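Engineer: Mind looking over this structure? Questions follow.
The values are calculated or read from the model by the stated rules, or taken from the named source; none is laboratory data. Here the structure is a predicted model, which means the values were calculated and not measured. Every residue, glycine as well, gets a Cβ built from its backbone with ideal geometry; the counts of neighbours run over all protein chains shown. The accessibility values were calculated without ligands, DNA or RNA, using every heavy atom of the protein model including side chains. Shrake-Rupley method; radii C 1.70, N 1.55, O 1.52, S 1.80 Å.
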Amino acid sequence: MTKKWVYLFKEGSKDMRDLLGGKGANLAEMANAGLPVPPGFTITTEACNAYFEAGEQLPEGTWEQTLRALKTVEEQTGKKFGDPKNPLLVSVRSGARVSMPGMMDTVLNVGLNPETLQGLAELMGNERFVWDAYRRLVQMFGSIVKGVDRHEFEATLDEYKKKTDGGKDTDLTTNMLRDVVRDFKALYKKELGEDFPDDPYEQMRQAIAAVFGSWFGKPAVDYRNAECISHNWGTAVNIVTMVFGNMGWDSGSGVAFTRNPSTGEKKIYGEYLLNAQGEDVVAGIRTPHTIADLKEELPENYKQFLEICDLLENHYRDVQDVEFTIEQGKLWMLQTRTGKRTAAAAVKIAVDMVREGLITKEEALMRVAPDQVNQFLHPRFDPEAKTKAKEEGNLLAEGLNASPGAATGIVIFDADTAEERGEAGEAVILVRPETNPDDVHGMVQAQGILTQHGGMTSHAAVVARGWGKPCVAGCEAIKINLDARKFDVKGREIKEGDFISVDGTTGEVFAGSIATIEASFEEEHDLVTLLGWADEVRKLGVWTNADNPEDTARARAFGAEGIGLCRTEHMFFEEERRPTVVKMIMAVTDEERQESLDKLLPFQREDFEGIFRAMDGYPVIIRLIDPPMHEFLPPREELIEEVARLRCTGENPEELVEKEEMLQVVNSMWETNPMMGVRGCRAGIMYKGLTEMQTRAIIEAACNVAQEGVDVHPEIMIPLTADVNELRIEREKLEKVAKDVMAEKGIEVDYKIGTMIEIPRAAITADKVAEYADFFSFGTNDLTQMTYGISRDDAEGKFLLDYVDRKILPHNPFEVLDRDGVGVLMKICVEKGRTTKPNLEVGICGEHGGEPSSVEFCHIIGLNYVSCSPFRVPIARLAAAQAALQHEYGRKQ
Ligand code: PEP
Ligand code: MG
């Protein structure tokens, strides 16, 4: 028995989307629900795949089954395909599992030829109409099925339109349309060397093959690549009885959403045209009317249409995007599908539908993509203004979308000027080859940041994300010339003071300014409600990475339940502290060093007190200093140049001595691979007094605020442990200081000591490491770097993105956690750590902590929390809830 390749609408349902495609499944569903759907049938996606397997041949049995289904349609309509007296016309449409708008082919009016045309004209009493339908068939068939350049047809049509007074399609007379058909057919023959097929069955057979063929057409392939849709799904073909909206003023065509797709408002939203076919509504031949006008023009149809929209929404329990046609007073539904919507609409609709009792809270949570939440938190460009900028050729380049949001301002190339002009109230975009801690004061005042080099975990990216400031990083297309204070891109020159706009959500950089739309989280009541539901179901805690009281307060407002990473070195970089830090590093004797450390202590203590107060009642993980110490000193190259210059000019002997001393220290600290050098706990171990000072500052701060009545939970985190002995040594130091401080203060605080897991060795020996750790926190930035052997500061600008483009890697592993490598290490680590301490607290504080797929993985392996930059907290809350709804928590695999 041959396989079943063809399904009548009555044999299908919405659950057969994989086999019948989205359109076919929904047409079947509507037909079976008793809605007015023109009779038809669907050839399956399996037939499409078999078609390609057989070398572009319809699989055996397809044609016979098609003819049989056509017979049934003839019975249902009372018309006959190819019958000159009462002809049946059909459309042949593509329809994949998911909608691929405009990417594949459709042929209308199949079945028309000079004979059927006459019969139809008599039946309808409208000759012009059928000639117009015929010319559309020849045009679509010629261009879509046979690949004749569609412009050739359009040029012919334009010539005739010019001969009319109005100049529009609708002004063409019957005779003119007759001539157009004659010319189209001649064009067809000239281009293809054969006559246009007037046999209706031949038309249908070729149209089916063309729709299948369009699955591998370039637009469809490109679209699938962009949307990560499988090339193996295939498209179905829907053959549907033609109905005509252009049969007079009691006819029309329209498209509508059951709710407003941009705001989510519960009101039908759409447009229609009377006396027009579906494509006319979108083609802009006449200005369409809003759907509400139909109430006046065709009240009966309007009433029925509203009822159907209601029914569809209730049936599908989601917003529908529908197409309809009214043929001489009779309403026909031609399509329904889930309506695409903006982030704002997605949230409003999800929350409204729960209130209306249409869906559950759990379903609502699955209706919003975590990344959509992003759009609520940052200013964004007005979509229309952005489209216009593109049309005007102002898109300059694309870099990494390092930190979302939109910013417009004048280009400034150095941090000091950015600070100065920013403070003076000007909107500034700081443009740098890359940023480093010396640029922070300028970054603070900038509306946005653009860097030529650097990746998703580059300094610019991490800092900007932390502040929710738009940033495009690694935009290699711009060539910055700092001396000339300009950058060149695409043959254009952008000078300091020129306006540009950066879209950190997409990575685009524009010349000129583009209007933005502001966001305010607190006022987004629906989002706040939805995230409240997310909190009810998620298993993962959502903490934040924050280094100062302002970030902490913002993160709390976004719903953070703790601080997972406070990077103390950021406190060392601040202007007034830096000279003391430099002195501490350059100290020759222990006493000298201690003197500097004593000066730093009150600053640190004050910072911690602020953070503890803002996080009253919640845990705060403070990481001891991490980066290589030379980062606090001037760059070596700069010093070498400066010393050489001072030696040559002899102009300032005192400064020369000072710079030489500094260079000596820098030289002594110089490392080929500083990221693998004296940093993390190694620095704590090698620099006497440093760990003690930081611990003292933390515990003193904790005791002080506890005395004020703050509920404080400090957790001290030791970075970059590779061997348990490092942790043991540091822990002993910490415990001693903590004990001393608490004795001095006469108060006990509950504190923990733990470590970051950033080195594969620590993950693999986690059972041993756990003996000295109360908690683990995955630093997946370093763990990814160390697992791949890829330098995170260099790779994204150099080869990593190319790797992703060439599909050598599925994603940038610094953005999306690599489950197969880094993830396996994490899993081993969690399991081994918890064999030693079953209740070991384990979290993540690398940049992955706010990325939805990585959050999902953290749920699966049973972490206690994820920690991310403040602006990602709401995203992580939703992602964690979705993970909880989809996967068992802490699954043993
Ligand atoms: C990490 O390595 O993931 C981490 C959070 O530490 P940093 O990025 O500061 O090295
Ligand atoms: Mg790290």
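Engineer: If you scan the stretch 160-192, which residues turn out to be closer than 26 Å to F81 by Cα, in contact (Cβ under 8 Å) with a residue 12 or more places away in the chain and open to solvent by 60 Å² or more (accessible area, probe 1.4 Å)?
Structural biologist: Selection gives R178 alone.
Engineer: Hey, another quick one. When you go through (1) closer than 18 Å to V211 by Cβ; (2) surrounded by 15 or more Cβ atoms within 10 Å (Cβ to Cβ) one by one for L67, which number turns out not to apply?
Structural biologist: All conditions are met except number (2).
Engineer: Now, a different point. Can you name every residue in the stretch 7-29 that is part of a helix (DSSP H, G or I) and open to solvent by less than 20 Å² (accessible area, probe 1.4 Å)?
Structural biologist: Of all residues in the stretch 7-29, those part of a helix (DSSP H, G or I) come to 9-11, 14-29.
Result: F9, L20, G21, G22, G24, A25, N26, L27, A28.
Engineer: Output the qualifying pairs, or none if there are none: Cβ atoms under 7 angstrom, residues six or more apart or on different chains, first residue in the stretch 480-506 and more than 18 Å from A460 (Cα to Cα), second residue part of a loop (DSSP other than H, G, I, E, B) and open to solvent by less than 10 Å² (accessible area, probe 1.4 Å).
Structural biologist: R485/F413; F487/I478; V489/I478; E496/F413
Engineer: Which condition breaks for L840 when tested against (1) within 13 Å of ligand 1 (Cβ to nearest atom); (2) touching a strand residue (DSSP E or B) at 6+ places or on another chain (Cβ under 9 Å)?
Structural biologist: It is condition (1) that L840 fails.
Engineer: Examine the stretch 102-121 for a residue that is touching a residue at least 40 places away in the same chain (Cβ under 8 Å), in a helix (DSSP H, G or I) and more than 23 Å from P39 (Cβ to Cβ), and state whether such a residue exists.
Structural biologist: Yes, the stretch 102-121 has at least one match.
Engineer: Same structure again: On the basis of being at pLDDT 90 or above, open to solvent by less than 10 Å² (accessible area, probe 1.4 Å) and either within 30 Å of I429 (Cβ to Cβ) or part of a loop (DSSP other than H, G, I, E, B) (or both), does V368 make the cut? So that I can check it myself, show each step before the final result.
Structural biologist: On the way: at pLDDT 90 or above: yes; open to solvent by less than 10 Å² (accessible area, probe 1.4 Å): yes; either within 30 Å of I429 (Cβ to Cβ) or part of a loop (DSSP other than H, G, I, E, B) (or both): yes.
Yes: the conditions hold for V368.
Engineer: Another question, then. Given the conditions (1) open to solvent by 60 Å² or more (accessible area, probe 1.4 Å); (2) of a type outside the set (V, I, T); (3) touching a residue at least 24 places away in the same chain (Cβ under 8 Å), report the number of the one that D195 does not fulfil.
Structural biologist: (3)
Engineer: Do any helices (runs of 4 or more DSSP H) entirely within the stretch 751-830 hold 1 or more residues that are within 13 Å of ligand 2 (Cβ to nearest atom) and at pLDDT 95 or above, and if so, which? Break it down stepwise before answering.
Structural biologist: Working: elements: 760-764, 766-769, 780-788, 792-795, 801-805.
Qualifying helices (runs of 4 or more DSSP H): 760-764, 780-788.
Engineer: Right, here's the next one. Based on this model, can you work out whether I208 counts as more than 30 Å from A345 (Cβ to Cβ), in a strand (DSSP E or B) and open to solvent by less than 40 Å² (accessible area, probe 1.4 Å)? Working first, answer last.
Structural biologist: Working: more than 30 Å from A345 (Cβ to Cβ): yes; in a strand (DSSP E or B): no; open to solvent by less than 40 Å² (accessible area, probe 1.4 Å): yes.
No.
One line per residue, one yes/no per condition, for (1) of a type in the set (S, T, Y); (2) more than 34 Å from the chain's Cα centre (by Cα):
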{"position": "T241", "(1), (2)": "yes, yes"}
{"position": "L273", "(1), (2)": "no, yes"}
{"position": "E279", "(1), (2)": "no, no"}
{"position": "E300", "(1), (2)": "no, yes"}
{"position": "E323", "(1), (2)": "no, no"}
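Engineer: Okay, moving on. Filter the stretch 652-686 down to the residues that are under 38 Å from the mean Cα position of the chain (by Cα) and aliphatic (A, V, I, L, M) and list them by number.
Structural biologist: Passing the criteria: M675, M676, V678.
Engineer: Shifting gears a bit: Select from the stretch 344-365 the residues that are of a type in the set (D, E, K, R) and in contact with a helix residue (DSSP H, G or I) (Cβ under 6 Å, 6 or more places away or on another chain) and write down the one among them that is least open to solvent (accessible area, probe 1.4 Å).
Structural biologist: Taking the stretch 344-365 as the starting set, the residues that turn out to be of a type in the set (D, E, K, R) are 348, 352, 355-356, 361-363.
Within this subset, residues satisfying the condition of being in contact with a helix residue (DSSP H, G or I) (Cβ under 6 Å, 6 or more places away or on another chain) are 348, 361-362.
Numbers: K348: 61, K361: 79, E362: 82 Å².
Across the stretch 344-365, the extreme among qualifying residues is K348.
Engineer: Can you list the helices (runs of 4 or more DSSP H) lying wholly within the stretch 243-342 that have 1 or more residues being more than 27 Å from V92 (Cβ to Cβ)?
Structural biologist: On the way: elements: 278-283, 294-297, 299-316.
Because the criterion is at least 1 residues that are more than 27 Å from V92 (Cβ to Cβ), the helices (runs of 4 or more DSSP H) in the stretch 243-342 that meet it are 294-297, 299-316.
Engineer: Tell me which residues, restricted to the stretch 614-636, are away from ligand 1 (no atom under 16 Å from the Cβ) and either at pLDDT 95 or above or assigned to a loop (DSSP other than H, G, I, E, B) (or both).
Structural biologist: M615, D616, G617, Y618, P619, L633, P634, P635
Engineer: In the stretch 423-452, what residues are in contact (Cβ under 8 Å) with a residue 24 or more places away in the chain, buried (at least 24 other Cβ atoms within 10 Å of the Cβ) and not charged (D, E, K, R)?
Structural biologist: I429, V431, T435, G442, M443, A446, G448, I449, L450, T451 - these are the residues of the stretch 423-452 that are in contact (Cβ under 8 Å) with a residue 24 or more places away in the chain, buried (at least 24 other Cβ atoms within 10 Å of the Cβ) and not charged (D, E, K, R).
Engineer: Out of all the residues in the stretch 514-531, is one or more among the charged types (D, E, K, R), touching a strand residue (DSSP E or B) at 6+ places or on another chain (Cβ under 8 Å) and either open to solvent by less than 50 Å² (accessible area, probe 1.4 Å) or within 16 Å of ligand 1 (Cβ to nearest atom) (or both)?
Structural biologist: Let us first name the residues in the stretch 514-531 that are among the charged types (D, E, K, R), namely 518, 522-524, 526.
Remaining after also requiring touching a strand residue (DSSP E or B) at 6+ places or on another chain (Cβ under 8 Å): none.
No - not one qualifying residue is present in the stretch 514-531.
Engineer: Can you spot a residue in the stretch 30-44 that is open to solvent by less than 50 Å² (accessible area, probe 1.4 Å) and over 27 Å from N314 (Cβ atoms)?
Structural biologist: Yes, the conditions are met somewhere in the stretch 30-44.
Engineer: Filter the stretch 729-780 down to the residues that are buried (at least 20 other Cβ atoms within 10 Å of the Cβ), within 16 Å of ligand 1 (Cβ to nearest atom) and not hydrophobic (A, V, I, L, M, F, W, C) and list them by number.
Structural biologist: G754, T755, E758, S777, G779, T780
Engineer: Then there's this: What is the number of the single condition among (1) out of contact with any strand residue (DSSP E or B) (no Cβ under 7 Å at 6 or more places or on another chain); (2) under 22 Å from S854 (Cβ atoms); (3) within 15 Å of ligand 2 (Cβ to nearest atom) that A722 does not meet?
Structural biologist: The failed condition is (2).
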